[in-house]
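Structure record follows, encoded as structure tokens.
A short reminder: the numbers here are calculations on the coordinates, not readings from a lab. Please read these numbers as outputs of a predicted model, since none were measured by experiment. Every residue, glycine among them, receives a Cβ derived from its backbone with ideal geometry; neighbour counts consider all protein chains shown.
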Amino acid sequence: MHLADSQFLHLLWVLPLLAGFYVWSFRQRRKALLRFADASLVAQLIQGVGRGKQKLKVVVFLLFLLFAVLALARPQWGTKLETVRRAGVDIMVVLDTSLSMETQDVVPGRLEKAKHVIRTLIDALEGDRVGLVVFAGTSLVNCPLTIDQNAVKLFLDVVDTQAIPRPGTNIGEAIRRGILGFETRDRRHKVMILVTDGESLEGDPQTAAEEAKQAGIAIYSIGIGTAAGEPIPLRDERGNVTGYKKDEAGGVVVSRLDEAALRQISSTTGGQYYRSTPAEEEVDKIVQAVAGMDKKEFESKVYRTYVDRFQIPLGVALFFIFVESLISDAKPRGSRGWFSGLLVRRAGGRWTETSLTRAMR
């Protein structure tokens with residue numbers, strides 16, 4: 001036998017505690033009656049109460065709790081074959097790790113904000129395969145498409161602006177690298193999520209977007225940054241800012257969000273562009289769009305699982321609580337000893353109540 005939720009067995013410790021409480025309460029009740037009257041009068045006063053039935057109610061109630069706990073533990077025995085199918089959409093996340101992503105015109109910085117948006121997106125996806133491409137002057141597949149979304153987040157955690165040794169920003173090559181990460185035989189169920197500030201210093205993003213369209217890939221872009229922008233900080237090995245990036249003329253380079261370029265890329269492929277927001281509303285919109293797409297089956301596995309049998313102890317528990325509700329503390333009327341419900345005396349050929357019995361009412 002196997003218990004699916006064995007942690008509930010710890011509730012069984014309540015049973016001896018309850019049993020001890022009932023024993024203590026019976027004794028306290030007896031002591032209280034003896035303080036009220038002497039033992040002979042107490043015996044007469046409680047003749048109408050079935051002490052044996054009170055104890056029986058306690059036993060039956062404890063049995064109810066015992067089987068209720070066993071039902072919560074979900075006993076299982078016997079096995080059955082169960083087929084589990086997983087279906088979803090292939091999603092390739094393309095993340096900009098160029099030096100401009102160090103800019104801090106959004107809190108806590110463009111790259112950290114982008115990584116947080118991607119984590120939130122992955123957590124919101126259900127059953128979809130996710131992959132990760134990082135890029136700067138060139139690009140690489142950091143994590144191939146996988147249903148293990150926790151693995152994608154582990155790869156994402158270690159990404160920084162040093163992930164790609166070649167400086168620059170080549171969005172076009174990154175899109176092409178993402179295209180190669182999909183299964184080429186399937187022209188549906190494919191989504192690319194481009195997370196970047198939109199500045200492309202080389203390559204042709206628009207031509208790459210046309211290629212993505214031909215491959216059946218919809219690109220959803222998330223713009224990280226602001227239109228006003230800020231200078232690009234330069235840091236030492238400890239992460240301290242040592243200065244700001246300058247152009248050939250010696251002027252400080254200001255990195256700005258290029259929404260027009262990202263909007264055009266997404267529009268070409270049938271996707272949408274969203275600017276990153278503090279509340280990350282763009283994630284909900286992308287998840288809704290993905291949820292409305294046709295799903296494809298990724299895998300189908302057959303598992304041998306245990307059969308739940310909690311219905312048996314649950315049925316026994318319900319039986320005991322029903323029996324407990326039928327047991328009365330009072331002894332039956334018109335009987336003596338165990339079955340005596342009233343103190344009576346013989347008078348004039350018939351049984352009548354004594355004055356003591358009437359006084360007890």
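Observations on the model:
- Kirkwood hydrodynamic radius of region 85-302, from inverse mean 1/r over distinct Cα pairs, in Å: 17.4 Å
- Relative contact order [Cα under 8 Å, 6+ residues apart], region 85-302, whole percent: 25 percent
- Over 19 Å between alpha carbons, listed pairs Lys153/Lys213; Lys31/Lys55; Lys190/Lys285; Lys190/Lys295: Lys153/Lys213
- Fewest-first ranking of Tyr306, Tyr220, using other Cβ atoms within 10 Å as the exposure measure: Tyr306, Tyr220
- Applying Stokes-Einstein at 37 °C and 0.692 mPa s to the Kirkwood radius of region 113-234, computed over alpha-carbon pairs, gives a translational diffusion coefficient of 216 µm² s⁻¹.
- Long-range amide H partners of Ala87 with built H, under 5 Å: Phe298
- With neighbours defined as other Cβ atoms within 10 Å of a residue's Cβ, the residues Lys190, Lys80 order from fewest to most as Lys80, Lys190.
- Extension gain, Phe155-Val14: 0.36 nm per intervening residue step, less the Cα-Cα distance, totals 46.1 nm.
- Packing-based exposure ordering (other Cβ within 10 Å, fewest first) of Lys246, Lys31: Lys31, Lys246
- Here Lys53 is the anchor, and the aspartates and glutamates within straight C-alpha reach of less than 13 Å, apart from those fewer than 8 places off in the same chain, are Glu324, Asp329.
- Selection from Ser276, Pro231, Leu156 lying farthest towards where the dipole of region 85-302 points positive, charges on Cβ: Leu156
- Pairwise alpha-carbon distances in region 175-279 exceed 19 Å for 53% of all pairs.
- The mean sequence distance of close C-alpha pairs (under 8 Å, at least 6 residues apart), as a share of the length of region 210-316, puts its relative contact order at 29 percent.
- Label-reachable residues, region 64-80, where backbone N falls under 20 Å from a point 7 Å from His2's Cα toward its Cβ: 70-80
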